[in-house]
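Okay, structure first, notes after.
The values are calculated or read from the model by the stated rules, or taken from the named source; none is laboratory data. Since this is a predicted model, take the numbers as computed values, not measurements. Glycine gets a Cβ as well: all are built from the backbone with ideal geometry, and neighbour counts include every protein chain shown. Side chains included, ligands, DNA and RNA excluded: accessible areas come from the protein's heavy atoms. Shrake-Rupley method; radii C 1.70, N 1.55, O 1.52, S 1.80 Å.
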Amino acid sequence: MGVKIESSWKEVLKEEFEKEYFRQLTEFVRNEYSGNTPIYPPARLIFNAFDHCPFDKVKVVILGQDPYHGAGQANGLCFSVNKGIQFPPSLMNIFKEIANDTGAPLPQDGDLTRWSDQGVLLLNATLTVRAAQAGSHQRRGWEEFTDAAIRQLASLRENIVFILWGSYAQKKGSFIDRGKHLVLTSPHPSPLSAYQGFFGNHHFSRANQYLKEHGKAPIIW
């Protein structure tokens, strides 16, 4: 199946592309993009998280749930929005925690491609969504595909930082070997839960400390 995804990931995930669930998922997604309702992100950006972050370059994984479903927001990286788009509340809270944790100023834009290019895999559990319909592409096969990506990283690589915010991400990453990797968990950065332990979690400085201890360059958050 001709999946347009970065070559190292294509190799690592090749068995998934042959499975029946992925064939059905591909058919569903193609039909959705050819319909009248806008689907996000743009089709060329569905695998953007992988394309910017080759398998052997991954240092940190941040797990999200669903792409943004507003016009012009989603760019295929979890929590990230295109330049010129107002920061969604969760992203604003992420930037506030980075500022409090590391002293870095609030950035000019919410495009997190700059993190991806440093080795941060910004992976949503579901990679596509219908406009204005949160969760509309869940339970169609994406979760199985993204589970496979996480499983390959967890088993074939060592000393990756997995950042799991909220119960959904924590459940999805429950199988990761804590002896082989650093797994950081806290409540989600959404306004509903940010004050229940997301603020003050120091995940950004803790991730960098761990990377340095294992001979890797820290992330410029």
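Brief remarks follow.
- Global form of the chain, assessed from the alpha-carbon gyration tensor, a/c cut-off 1.5: oblate
- The label point for LYS4 and the one for LYS96, both projected 7 Å from the Cα toward the Cβ, are 3.9 nm apart.
- In this structure, the amide hydrogen of VAL61, modeled 1.01 Å from its nitrogen in the peptide plane, lies closer than 5 angstrom to those of LEU121, VAL161, PHE162, ILE163, counting only residues at least 5 positions away or on a different chain.
- Extension gain (nm, one decimal) between GLU144 and ALA217, 0.36 nm per residue minus Cα-Cα: 23.2 nm
- Percent carbon-and-sulfur accessible area, the chain, ignoring ligands, DNA and RNA, probe 1.4 Å: 50 percent
- Annotation: amide H-H contacts under 5 Å for VAL129 (H modelled 1.01 Å from N, sequence separation of 5 or more, or interchain): TYR40.
- At 1.002 mPa s and 20 °C, Stokes D of segment 169-221 from Kirkwood alpha-carbon radius, µm² per second: 171 µm²/s
- Segment 73-88 residues near the modelled SER190 label - backbone nitrogen below 15 Å, point 7 Å along Cα→Cβ: 79, 88
- Beta bridges per DSSP with both ends in segment 31-186, % antiparallel, nearest 5: 20 percent
- Label-point gap, in nm, between ASN82 and GLN209 - each point 7 angstrom along Cα→Cβ: 3.9 nm
- Here segment 9-77 is described by how far its Cα atoms reach on the three principal axes: 38, 29, 19 Å, from widest to narrowest.
- Cα gyration tensor shape for segment 104-174, rounded if a/c is under 1.5, else prolate or oblate: oblate
- By the rule of a C-alpha distance below 17 Å, with chain neighbours fewer than 8 residues away ignored, the aspartates and glutamates paired with LYS4 are GLU15, GLU16, GLU18, GLU27, ASP51.
- Segment 126-221: equivalent-ellipsoid semi-axes (sqrt of 5 x gyration tensor eigenvalues, Cα, Å): 25, 19, 12
- Cα gyration tensor shape for segment 3-124, rounded if a/c is under 1.5, else prolate or oblate: oblate
- Solvent-accessible area per residue for segment 1-66 (1.4 angstrom probe, square angstrom): 53 Å²
- Restraint check, LYS10/LYS180; LYS57/LYS216; LYS180/LYS216, Cα-Cα greater than 21 Å: LYS10/LYS180
- Charge sum, other residues only, whose C-beta stays under 11 Å from ARG130's C-beta, Lys/Arg counted +1 and Asp/Glu -1: -2
- Cβ-Cβ FRET estimate between PHE28 and ALA71, R0 fixed at 30 Å, reported to 0.05: 0.85
- Surrounding net charge for LYS83, when Lys and Arg each add one and Asp and Glu each subtract one, Cβ distance under 14 Å: -1
- Within straight-line reach of LYS96, meaning a Cα separation under 18 Å, sit the following aspartates and glutamates at least 8 residues removed in sequence or on another chain: ASP109, ASP111.
- For segment 96-180: accessible area per residue (Å², 1.4 Å): 42 Å²
- Counted by Cβ distance under 15 Å from TYR68, the other residues give a net charge of -1, where Lys and Arg count +1 and Asp and Glu count -1.
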